[in-house]
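Notes follow the structure.
The values are calculated or read from the model by the stated rules, or taken from the named source; none is laboratory data. Every value quoted in this text rests on a predicted model; they were computed, and no experiment measured them. Cβ: placed from backbone, ideal geometry, glycine included. Neighbour counts: every protein chain shown. Areas reflect the complete protein model, heavy atoms only, side chains present, ligands, DNA and RNA absent. Shrake-Rupley method; radii C 1.70, N 1.55, O 1.52, S 1.80 Å.
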Amino acid sequence: MRKPAAAKPAAATKPAKARRAAKKPAEPAVDLAVGRRIRDLRRTKEMSLETVASRTDLSIGFISQIERGLSSPSLRVLATLADVLGVGIAALFGATPREDGASGGVVTREVQRAELKLWRTGISKQLLSPPGSDNRLNLFLVHLEPGGSTGDELYTHDGEEAGLVLEGAMTLTVDAETWTLKQGDSFRFASRRPHRFSNPASDAKTVVLWVNCVTGTS
């Protein structure tokens, strides 16, 4: 009697395909756009890479990589660079074309919102106010993916900020004190106070209405 044929092993390509599907795609276009904006602002201010590096804790090589879109900066790094360049972080969004041509720098339609995606850290910021490097007061809609964070290191920059948690929860640290804010909770603090924030949830997104006010220029 013949033995039944052994079942064929699963295709060897499936594990490889699964690994490729699980790998998160990079977003170089986002990094490239932000880097170009930083480079343009630096050149407009007539500042060298050496000057910017000397005013931050960042190396010349790292700043160069950011400007060329080869490195994805954190919010802490972007805030530090914006501070040295004498602008608010909204200036790093750049300008977006107006759909109706009638906003006059006053109204921002939903379809006109510029967005800054910090995809490696799970944070994205939509600019709700008209873009411009001279704006002192800016309004953002901040999205924090599950586990999204500015990092373990506290950072500072020019200005003041305030916000309202619209959805989910947020952990906020200012100086040596930490709070967990939930939907409906709000905050305000001077941005020169060391701070950081994160989404403590592992399965839910956080949305925060955030205001930044630049109080001075470099």
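General observations
- Criterion: of a type outside the set (A, V, I, L, M, F, W, C), in contact (Cβ under 8 Å) with a residue 24 or more places away in the chain and open to solvent by less than 20 Å² (accessible area, probe 1.4 Å) - qualifying residue of Gly168, Gly159, Gly151: Gly159
- Residue count for region 201-218 under the criterion of being assigned to a loop (DSSP other than H, G, I, E, B) and in contact with a helix residue (DSSP H, G or I) (Cβ under 9 Å, 6 or more places away or on another chain): the result is 2.
- Near pairs, Cβ below 8 angstrom, 6+ apart or cross-chain, from region 98-115 (at pLDDT below 85) to any residue that is open to solvent by 50 Å² or more (accessible area, probe 1.4 Å) and part of a loop (DSSP other than H, G, I, E, B): Glu99/Arg109; Asp100/Arg109; Ser103/Arg109
- Matching residues, region 119-161, being of a type in the set (A, V, I, L, M, F, W, C) and not in a strand (DSSP E or B): Trp119, Leu128, Leu154
- Criterion violated by Pro73 - all others in (1) outside any helix (DSSP H, G or I); (2) at pLDDT 85 or above; (3) open to solvent by 20 Å² or more (accessible area, probe 1.4 Å) satisfied: (3)
- When region 172-200 is limited to residues that are under 18 Å from the mean Cα position of the chain (by Cα) and assigned to a strand (DSSP E or B), the one that is surrounded by the fewest Cβ atoms within 10 Å (Cβ to Cβ) turns out to be Thr173.
- Being at pLDDT 85 or above and either in a helix (DSSP H, G or I) or open to solvent by 10 Å² or more (accessible area, probe 1.4 Å) (or both) is a property that holds for Leu81.
- The listed residue being of a type outside the set (Asp, Glu) and closer than 24 Å to Val87 by Cβ, out of Gly159, Gly184, Gly122: Gly159
- Of all residues in region 34-64 being touching a residue at least 24 places away in the same chain (Cβ under 8 Å) and out of contact with any Leu (no Cβ under 9 Å at 6 or more places or on another chain), the one that is least open to solvent (accessible area, probe 1.4 Å): Arg39
- Exactly one residue out of Ala190, Ala169 is small (Gly, Ala, Ser), in contact with an Asp or Glu (Cβ under 9 Å, 6 or more places away or on another chain) and within 20 Å of Val87 (Cα to Cα), and it is Ala190.
- For region 133-148, filtered to residues that are in contact with a strand residue (DSSP E or B) (Cβ under 9 Å, 6 or more places away or on another chain) and surrounded by fewer than 19 Cβ atoms within 10 Å (Cβ to Cβ), the residue that is modelled with the lowest pLDDT is Arg136.
- Flag for Arg19 being surrounded by fewer than 17 Cβ atoms within 10 Å (Cβ to Cβ), modelled with pLDDT of 90 or more and not in a loop (DSSP other than H, G, I, E, B): no
- For region 104-118, the tally of residues that are under 21 Å from Ala82 (Cα atoms) and not in a loop (DSSP other than H, G, I, E, B) stands at 5.
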